[in-house]
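Colleague: Can you keep this structure in mind? I'll have questions shortly.
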Amino acid sequence: MEISDRRNICQLVAGILVSDDLVTEDEVAFLQRIYRRFGLPVEEAETVQPIEAGAASATLRQLPEQVQAKVVALLVEAAIADGVVDGRERAYLLVAAAALGIEADVMEQRIATRLERLDEHGPMSNPR
């Protein structure tokens, strides 16, 4: 995957993390793990320019098709990183879903399922 795509994904993750105007330590750690996973300097996470919900759909559609669904799943993980999905995070996820033709009720079910399994499994990007 191109470095620009990896950075865009990190910016999308940052966008959903800041969308509720509260970034917890768990969310900061989540973003740092994503930077490491993509082989990017973790220090970049401190100065990342989050992509707002309005621009998220265009950014998602610009990513390679084979990673788009994985990125949406990653955004769900980011939204639950603090254990709560705020209404603004939910809206971000619905924008992302719509960009890829995922029905809103399907996205709502994904969110609900992950929240139900959160206590048991934790965030998928940080398996226990």
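Colleague: Among the residues of region 12-43, how many are among the basic types (Lys, Arg) and either touching a strand residue (DSSP E or B) at 6+ places or on another chain (Cβ under 6 Å) or under 18 Å from residue 85 (Cβ atoms) (or both)?
Modeller: Looking only at region 12-43, we keep the residues that are among the basic types (Lys, Arg), and these are 33, 36-37.
Next cut, either touching a strand residue (DSSP E or B) at 6+ places or on another chain (Cβ under 6 Å) or under 18 Å from residue 85 (Cβ atoms) (or both) only: none.
Looking only at that region, the number is 0.
Colleague: Among the candidates 108, 120, which residue alone is modelled with pLDDT under 90, in a helix (DSSP H, G or I) and over 17 Å from residue 9 (Cα atoms)?
Modeller: Sole residue among the options that is modelled with pLDDT under 90, in a helix (DSSP H, G or I) and over 17 Å from residue 9 (Cα atoms): 120.
Colleague: Filter region 74-105 for residues that are modelled with pLDDT of 90 or more and loosely packed, with under 13 Cβ neighbours inside 10 Å; which is nearest to residue 3 (Cα to Cα)?
Modeller: 101
Colleague: Does region 10-28 hold any residues that are assigned to a helix (DSSP H, G or I) and touching a residue at least 40 places away in the same chain (Cβ under 8 Å), and which are they?
Modeller: Keep residues of region 10-28 that are assigned to a helix (DSSP H, G or I), which gives 10-18, 25-28.
Residues satisfying the conditions are 11, 12, 13, 15, 16, 17, 26, 27.
Colleague: Just to verify a result, which residue in region 29-73, among those that are part of a loop (DSSP other than H, G, I, E, B) and in contact (Cβ under 8 Å) with a residue 40 or more places away in the chain, is surrounded by the most Cβ atoms within 10 Å (Cβ to Cβ)?
Modeller: Among those residues, the one meeting the criterion is 51.
The values are calculated or read from the model by the stated rules, or taken from the named source; none is laboratory data. Everything numeric in this text was worked out from a predicted model, so none of it was measured. Here the Cβ is made from the backbone with ideal geometry for all residues, glycine too, and neighbour counts use every protein chain on show.
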